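A quick write-up on the structure given underneath.
The values are calculated or read from the model by the stated rules, or taken from the named source; none is laboratory data. Please read these numbers as outputs of a predicted model, since none were measured by experiment. A quick note on method: Cβ atoms are made from the backbone with ideal geometry, for glycine too, and the neighbour counts reach across all protein chains shown. Side chains are part of the model used for accessible areas, which takes the heavy atoms of the whole protein and leaves out ligands, DNA and RNA. Shrake-Rupley method; radii C 1.70, N 1.55, O 1.52, S 1.80 Å.
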Amino acid sequence: MFNIGNNNPEKLMVFIITLEKALSKALGREVVFEKIFEPLKAGDALATYASKDKLQEAVGFKPSTSIEEGLQRFADWYVKYYGVE
């Protein structure tokens, strides 16, 4: 099993803002999520990230999709597949 992702951690707020922008573009209207900030709880991970190295060693493929491009592709697919308006 492979955890495919970026070799660098992404901040959660960067992910959320990028997803808001991607959904806004896919829907043609502004999307802003309600955000409720809470303190860290026991067991929360301070940082996580994936590695492309094992995948490249196993199958010779190294993903290069940026978070912006990947989330835009996902948002476009989601909106079309589920008929979201």
*With the condition kept exactly as written, say whether any residue in the range 33-43 is surrounded by 10 or more Cβ atoms within 10 Å (Cβ to Cβ), without any contact (Cβ under 8 Å) to a residue 40 or more places away in the chain, part of a loop (DSSP other than H, G, I, E, B) and small (G, A, S).*
no
*Only one of (1) within 20 Å of V84 (Cα to Cα); (2) of a type outside the set (S, T, N, Q); (3) part of a helix (DSSP H, G or I); (4) without any contact (Cβ under 8 Å) to a residue 24 or more places away in the chain fails for L19. Which number is that?*
(4)
*asked:* Six or more apart or on different chains, Cβ atoms under 7 Å: show the pairs whose first residue is in the range 48-65 and small (G, A, S) and whose second is open to solvent by 70 Å² or more (accessible area, probe 1.4 Å).
replied: A50/N3; A50/I4
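Scan the range 61-83 for residues that are assigned to a loop (DSSP other than H, G, I, E, B) and at pLDDT 95 or above and jot them down. Don't jump to the end; show me each part of the working.
Of the residues in the range 61-83, the ones assigned to a loop (DSSP other than H, G, I, E, B) are 61-66, 83.
The one that is assigned to a loop (DSSP other than H, G, I, E, B) and at pLDDT 95 or above: G83.
Mind checking whether some residue in the range 71-80 is of a type outside the set (S, T, N, Q) and loosely packed, with under 10 Cβ neighbours inside 10 Å? Spell out how you get there, then give the answer.
Going through the range 71-80, the residues of a type outside the set (S, T, N, Q) turn out to be 71, 73-80.
If we keep only those that are loosely packed, with under 10 Cβ neighbours inside 10 Å too, we end up with none.
Scanning the range 71-80, I find no residue that is of a type outside the set (S, T, N, Q) and loosely packed, with under 10 Cβ neighbours inside 10 Å, so the answer is no.
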*Assuming I17 fulfils every condition listed in (1) in contact with a helix residue (DSSP H, G or I) (Cβ under 9 Å, 6 or more places away or on another chain); (2) open to solvent by less than 100 Å² (accessible area, probe 1.4 Å) apart from one, which condition is it?*
(1)
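Right, A58: part of a helix (DSSP H, G or I), over 17 Å from the mean Cα position of the chain (by Cα) and loosely packed, with under 11 Cβ neighbours inside 10 Å or not? Lay out the reasoning, then the answer.
Values: part of a helix (DSSP H, G or I): yes; over 17 Å from the mean Cα position of the chain (by Cα): yes; loosely packed, with under 11 Cβ neighbours inside 10 Å: yes.
Here the answer is yes, as A58 does meet what is asked.
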